[in-house]
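The values are calculated or read from the model by the stated rules, or taken from the named source; none is laboratory data. Everything numeric here is computed off the predicted structure, so don't read it as measured data. FYI the Cβ positions are ideal-geometry reconstructions off the backbone, even for glycines, and counts take in every protein chain you see. Accessible surface is based on the protein model in full, side chains and every heavy atom, while ligands, DNA and RNA are left aside. Shrake-Rupley method; radii C 1.70, N 1.55, O 1.52, S 1.80 Å.
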Amino acid sequence: MKPLVSLVTPCYNAEAFIDRHLANVLAQTYRPIELILVDDGSCDGTLDRAESWRSRLEASGARLVLLAQDHRGQAAAINRGLPAVTGMYVSWPDCDD
């Protein structure tokens, strides 16, 4: 069995970028993977756009975890997501990567 890879992605007002980011996660051939997306108090449709990808990601074997917090910055968003990590390996790509 291959080890789980966890991606912790902080997002703030990322509605314009989130589709591309989630499409890139979906395109990865490595599985198992979990994406922990932390919304840092966005006032756009970031969370709704991310939620709209849930069924596609999960059908591909990728687990999606959505977390939200008041706006406190990128480092705080990453720190919010780290306790949710269950994988052996961790990375934190930005949502506009």
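Enumerate the amide H contacts of Val65 below 5 Å, restricted to partners 5 or more residues apart or on another chain; note that Pro and chain-start residues carry no placed amide H.
Counting only residues 5 or more places away or on other chains, the set is Leu35, Ile36, Leu37.
How many percent of the accessible area of the chain is carbon or sulfur, using a 1.4 Å probe?
Carbon and sulfur: 55 percent of the exposed surface of the chain.
If one puts a single equal scatterer on every Cα of the chain and applies the Debye formula without solvent, what log₁₀ I(q)/I(0) results at q = 0.20 Å⁻¹?
-0.91
What list of ³J(HN,Hα) values in whole Hz, one per residue of region 19-36 in order, does the Karplus curve 6.51 cos²θ - 1.76 cosθ + 1.60 (θ = phi - 60°) give from phi, with Gly and Pro shown as x?
Couplings: 4, 5, 4, 5, 5, 5, 5, 4, 6, 5, 8, 6, 9, x, 9, 10, 10, 9 Hz.
Given the peptides 2-13, 40-51, 58-69, arrange them by the average over their residues of other C-beta atoms within 10 Å, most packed first.
Per-residue Cβ counts within 10 Å, averaged per peptide and sorted highest first, yield 2-13, 40-51, 58-69.
Show me, for region 43-48, the HN-Hα J-couplings you get by feeding each phi into the Karplus relation (A = 6.51, B = -1.76, C = 1.60, θ = phi - 60°), rounded to Hz, glycine and proline as x.
Going residue by residue, I get 10, 10, x, 3, 5, 5 Hz, with x marking Gly and Pro.
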